[in-house]
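Working notes, structure below.
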Amino acid sequence: MAGGSMLALVTGASSGIGLQYATALARDYHCDLLLVSNQEKELEMVASDLAAAYGVRTIARFADLSLADAAENLHDWCVENGYVVDILINNAGVFFFNPYCETSMKRIDLMLQLHVVTVAKLTRLFAADMCARQLTEEEAAQRICGHKRMKGYILNMSSMSAWMAMPGIQTYNATKAFIYNFSKSIWYELKPQNVGITVMAPGAVDTGLFGLAPNLRKLAVHLTVSIPPEKLVKRALRKMFRNKKADTPGFINWLSTPILKHTPDWLLFLAIKYIGKYQK
């Protein structure tokens, strides 16, 4: 369990998995929260609710992280206001299904900016701050999840789709592959600086996104092919505080990862078509 009041910056915090991260950090680790989202009303409500429920300090920052200078502006704002970020959760993202030649340039720019440019820049800016930081004796003595506290933590969200060729979500897959390899590479650079970075690559998250029938959703969760969002977040934070490089939740997902990397594309396409027959 975390001691003191670390400040966690969570992007995409007003709903979905981002909200789950914010809730778990406040409830389980008593972290203060700097919540970032482009949904202003929802963000203000979430910040107020979490502060009241868990007695932590919450700061709501409305920002569109798909803009070219969003990362620099957010970091500058933190510095100007004296907010020292101990934990960075790069969670904000988008998902859409489109044949590539029918996808608008605006949508392509949105996904590349949000999943690649902003993630890379936020990681660079806040990791540099963390590396330059010195823990106090009290902070250095703290233990989180059974491990000594580090100078900072970064958690990036990838996906199992990072190593699949899947028509319709080609840009999404490519950006998630970037996040995965980018994060694992930087892990080796940050570890000697006592700064952690972890990348999560979950399979399906049980949010109803894929439109599967209820019985198939239950089966997917039972087989650990799909994971409830609250369970994903709990696992991800444990991995982050233990400075694990990467993690793919679910035994079957973990087991199938090396197989998927070498599975012929045509076989994957066939499986996707088959699953599509059982969608609502």
> What ³J(HN,Hα) values, in whole Hz, does the Karplus curve 6.51 cos²θ - 1.76 cosθ + 1.60 give for the stretch 37-42 when θ = phi - 60°, with x put for Gly and Pro?
Replying inline: 6, 9, 10, 5, 5, 4
> Which peptide among 70-78, 7-15, 232-240 comes first, and what is the full order, when sorted by highest mean count of other Cβ atoms within 10 Å?
Replying inline: 7-15, 232-240, 70-78
> Near the amide H of I144, under 5 Å away, which other amide H atoms are found, from residues 5 or more places off or on another chain, if H is placed in the peptide plane?
Replying inline: R149
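Give me D for the stretch 10-126 in µm² s⁻¹, whole number, from Stokes-Einstein with Rh from the Kirkwood sum over alpha-carbon pairs, 4 °C and 1.567 mPa s.
Numbers: Rh = 14.8 Å.
The Stokes-Einstein estimate is 87 µm²/s.
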> Net charge near C131, counting Lys/Arg +1 and Asp/Glu -1 over other residues with Cβ under 12 Å of its Cβ?
Replying inline: +2
> Which percent of Cα-Cα pairs in the stretch 138-195 sits in each 10 Å bin, short to long?
Replying inline: 21, 35, 25, 15, 4, 0
> Ranked highest first by average number of other Cβ atoms within 10 Å, how do 89-95, 33-39, 177-183 line up?
Replying inline: 33-39, 89-95, 177-183
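FYI, it's all coordinate maths here, none of it is from the lab. Predicted, not measured: the structure shown is a model, and the values here were computed from it. Cβ coordinates were reconstructed from backbone atoms using ideal geometry, including for glycine residues, and neighbour counts include every protein chain displayed.
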